[in-house]
């Protein structure tokens, strides 16, 4: 925990309200997100019990499995869920972004699925894992939409690993990135308690609202795991009543009772999630949120088209050595870029760097915008500026910095004293070698910030091809001629 | 010692097997082995590839190798932004270039793993991978295509490589890219011979036994020196000043270890009192005019600013300590994080305990390698500065990392190693 976060948490305790950690919103919130609150049955890894899903807070769609242990009923439920999710996904692919330059096609929208917490993200992974390898033919066939839903859920879950992606969001994570509460990180994983701190109802303070949220009758767990007391006292009898029912009439009554009981468990979470969506919408979006969302839309466009054409890459159970290394390389570059963009978009995030002496804000007290460096082969425009600052600067001469106001320009530290920093500027000043373009060099009196982060493109690492996997990593993976068999469903642990 | 090296070289030189792994505890002569192996192979007429992890390590290695073998043509593969260090340039036999095609005349080509990963052609029969436990396995994947067989040398007790992204996707896979190069290598090639250097020439007997028991529980090592070989004396008497500081320094002088304990308190990372205590200890130490007597200098050698180091867990702590030392006699003392101190050696070290003043014990702060690096940089004495209450903190935070299938258990466990170190520090000497 950084000092600023610690301070914000202390202030949250003192004031009784969560404190903002950012000045802007760094996560894209779609116009029409799909909120999904899943519940699973205790005792099995991914046995869906129920889900509440939809794009309109006033029109939740409730899906319930009468007997979650019955595989046929389970995949009937998945097919129902697939209808909702796939029609939403296809709806996002209906219009094309006309503003995008170049020849690349990009859809105007992309799916944004919001689950209440990290457990929901894990549930999406498990459900995708258990459905994407099923087939609509052969033994135990399923509805044809089931494997397609599995592919989309797997796609969404994989995107959730990418820093800065907003296609699958865990609401508690998004909120904790934007607000600091007066409770522990573990308690922040409870959506009701977290929202209690951020937006307490009535005249309650954060701690009071969070304490109320601990009552499972008032705020049932946000899933996918259910409250054990609910399991024992309500769910088990309700499931037994459905199983015991002797005729259609009794069964219908028992089902209605089960549905009502499960709906009571999920409805508060549904409302809280939408409340959080509204809260996030009230904050202005950061400058690079749109860029990152465009990246999400690009990835979505490619996958949607590949799936339609039948050229989508398989989603194997595990990555090969080369694929794993390549993916990690990509994730690390995206993480660096996301961290940089947040600092450049948000003075409060940059303040962390200022506190540690890696960045500073100050006033330009001297500038020589026409300074030319003639020491190299070609004379080059290299203006100097002197910035007076009160920040505790801990920079060495030679360090490269960037200003959020002038991203294309590079600044090199020439000298540092206790009161000011002298910077040499290069790039981003137009074509002239004598006169910088107007406004490209800060003038005396300007307030400027310089920090160590840049969102410049980093080239990907170079990796051997799969067939050239070296002996240190087990050599090239064997090519297996695939024949479908009953053993396909066998897992390592079964 | 030479016996072990002979058998390593004969294993590596033999036609059988694709690799040899050498585990080396702190200060056990790893660099000596690398230089010796490089020299032996190069003198036998073989073109050799050497992979190190940082530019600093590459430069150190080149300096040592060029000094040991003044006629050897050495190539230093480097990025375009690299400014050749003085200790590299002074050897006329070293070619510095960014292109591997300029190295055709070099018997030994040395570069960082990151630079080697950009080389797409050429292949070497043999390679030496230095500090292989600091290397991540995805980096090994990128460079392994360049060589047929390799000698992997490193210290298994030091810090594991890390990633800025937290993804559990590959946990349990034998080629998990987040694991160290040696871990992945040995899981795919379990038959490779693993040698151990059994003697630490750096750590004094007072430290070798403690570090060995805490951090190398199943691969113990000994000190190469006798208790009588190492001695620390102060040439200036303690007059006035803080008695607490002098008592701590006296304990460290006498026993090789000292725990400078501050009152229990939860603090922010840059604990002002702890930082001030470290600054006071270091300046007091230098004012007392310490002299180190060892097998290298039986008549004593003054412990100067460059022979003292301060270690901490976080960069902001390092910055705060540097600021506290600025303007004192200790202004030029090395202050760095555990990551940066790996592989370095000093006479006396002062370290800020990673768990000092903390409210919780996270995996980062419990990592055995972090404490191991900090507690094994010294030839004579190590002073640990910590808030009281670490034992209780450890007891309330047993390691609770998720357990994954197929992931080999790592030894030592950070929690246990921390307890062992603390028990020794707070016990009677």
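The values are calculated or read from the model by the stated rules, or taken from the named source; none is laboratory data. Not measured: the values here are computed from a predicted model. FYI the Cβ positions are ideal-geometry reconstructions off the backbone, even for glycines, and counts take in every protein chain you see.
Of the helices (runs of 4 or more DSSP H) lying entirely inside the stretch A:169-272, those containing at least 2 residues that are modelled with pLDDT under 95 are A:185-188, A:206-212, A:236-244. Please verify whether the stretch B:50-65 includes one or more residues that are within 14 Å of chain A (Cβ to nearest Cβ), touching a residue at least 60 places away in the same chain (Cβ under 8 Å) and closer than 20 Å to residue B:182 by Cα. Within the stretch B:50-65 (the criterion being within 14 Å of chain A (Cβ to nearest Cβ), touching a residue at least 60 places away in the same chain (Cβ under 8 Å) and closer than 20 Å to residue B:182 by Cα), the answer is yes, since at least one residue qualifies. Going by what's in this entry, would residue A:152 be described as more than 19 Å from residue A:115 (Cβ to Cβ), in a helix (DSSP H, G or I) and touching a residue at least 60 places away in the same chain (Cβ under 8 Å)? So residue A:152 does not fit the description; no. Comparison of A:349, A:372, A:364 shows that the only residue that is more than 14 Å from chain B (Cβ to nearest Cβ), touching a residue at least 24 places away in the same chain (Cβ under 8 Å) and over 26 Å from residue A:392 (Cα atoms) is A:372. With the condition kept exactly as written, say whether any residue in the stretch A:282-298 is in a loop (DSSP other than H, G, I, E, B) and within 14 Å of chain B (Cβ to nearest Cβ). No, that holds for no residue.
Taking residue A:273 as the residue in question, decide whether it is surrounded by 16 or more Cβ atoms within 10 Å (Cβ to Cβ), in contact with a helix residue (DSSP H, G or I) (Cβ under 9 Å, 6 or more places away or on another chain), in contact (Cβ under 8 Å) with a residue 12 or more places away in the chain and in the same structural domain as residue A:42 (by TED's automatic domain parsing). It is true that residue A:273 is surrounded by 16 or more Cβ atoms within 10 Å (Cβ to Cβ), in contact with a helix residue (DSSP H, G or I) (Cβ under 9 Å, 6 or more places away or on another chain), in contact (Cβ under 8 Å) with a residue 12 or more places away in the chain and in the same structural domain as residue A:42 (by TED's automatic domain parsing).
The set of residues in the stretch B:185-197 that are touching a helix residue (DSSP H, G or I) at 6+ places or on another chain (Cβ under 9 Å) and either on the phi > 0 side of the Ramachandran plot or outside any helix (DSSP H, G or I) (or both) comprises B:189, B:192, B:193, B:194, B:195, B:196, B:197. Going by what's in this entry, would residue B:217 be described as more than 14 Å from chain A (Cβ to nearest Cβ), in contact with a helix residue (DSSP H, G or I) (Cβ under 7 Å, 6 or more places away or on another chain) and surrounded by fewer than 16 Cβ atoms within 10 Å (Cβ to Cβ)? So residue B:217 does not fit the description; no. Against the condition surrounded by 14 or more Cβ atoms within 10 Å (Cβ to Cβ), at pLDDT 90 or above and either under 26 Å from residue A:286 (Cα atoms) or within 14 Å of chain B (Cβ to nearest Cβ) (or both), how does residue A:386 come out, does it pass? In short, no. Within the option set A:85, A:64, A:96, A:35, being over 21 Å from the mean Cα position of the chain (by Cα) and under 29 Å from residue A:239 (Cα atoms) holds for one residue only, A:64. With respect to the stated conditions, residue A:344 fails to be surrounded by fewer than 20 Cβ atoms within 10 Å (Cβ to Cβ), more than 14 Å from every other protein chain (Cβ to nearest Cβ), within 25 Å of residue A:165 (Cα to Cα) and under 32 Å from the mean Cα position of the chain (by Cα).
For the residues A:234, A:148, the requirement of being under 30 Å from residue A:298 (Cα atoms), away from every other protein chain (no Cβ under 14 Å) and over 18 Å from the mean Cα position of the chain (by Cα) singles out A:148.
Of all residues in the stretch A:79-110, exactly one satisfies the criterion of being at pLDDT below 90, crowded, with 16+ Cβ neighbours inside 10 Å and within 25 Å of residue A:145 (Cα to Cα), namely A:106. Only one of (1) more than 14 Å from every other protein chain (Cβ to nearest Cβ); (2) assigned to a helix (DSSP H, G or I); (3) out of contact with any helix residue (DSSP H, G or I) (no Cβ under 7 Å at 6 or more places or on another chain); (4) farther than 30 Å from residue A:236 by Cα is not met by residue A:12, so which one is it? Checking residue A:12 against (1) more than 14 Å from every other protein chain (Cβ to nearest Cβ); (2) assigned to a helix (DSSP H, G or I); (3) out of contact with any helix residue (DSSP H, G or I) (no Cβ under 7 Å at 6 or more places or on another chain); (4) farther than 30 Å from residue A:236 by Cα, the one that fails is (3).
For (1) outside any helix (DSSP H, G or I); (2) within 14 Å of chain A (Cβ to nearest Cβ), each residue gets a yes or a no:
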{"position": "B:161", "(1), (2)": "yes, yes"}
{"position": "B:166", "(1), (2)": "yes, yes"}
{"position": "B:183", "(1), (2)": "no, yes"}
{"position": "B:213", "(1), (2)": "no, no"}
{"position": "B:251", "(1), (2)": "no, no"}
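Within the stretch B:185-203, the set of residues being more than 23 Å from residue B:403 (Cβ to Cβ), crowded, with 19+ Cβ neighbours inside 10 Å and facing chain A (nearest Cβ under 10 Å) comprises B:185 only. Looking across the stretch A:344-368, just one residue is assigned to a loop (DSSP other than H, G, I, E, B), in contact with a strand residue (DSSP E or B) (Cβ under 8 Å, 6 or more places away or on another chain) and either at pLDDT 90 or above or farther than 21 Å from residue A:417 by Cα (or both), and that is A:359.
Screening the candidates A:163, A:139 for the property of being within 14 Å of another protein chain (Cβ to nearest Cβ), surrounded by fewer than 23 Cβ atoms within 10 Å (Cβ to Cβ) and part of a loop (DSSP other than H, G, I, E, B) yields one hit, A:163. Please determine, by comparing only the residues of the stretch B:314-335 that are away from every other protein chain (no Cβ under 14 Å) and either in contact with a strand residue (DSSP E or B) (Cβ under 9 Å, 6 or more places away or on another chain) or in contact (Cβ under 8 Å) with a residue 60 or more places away in the chain (or both), which one is nearest to residue B:370 (Cα to Cα). It comes out as B:334.
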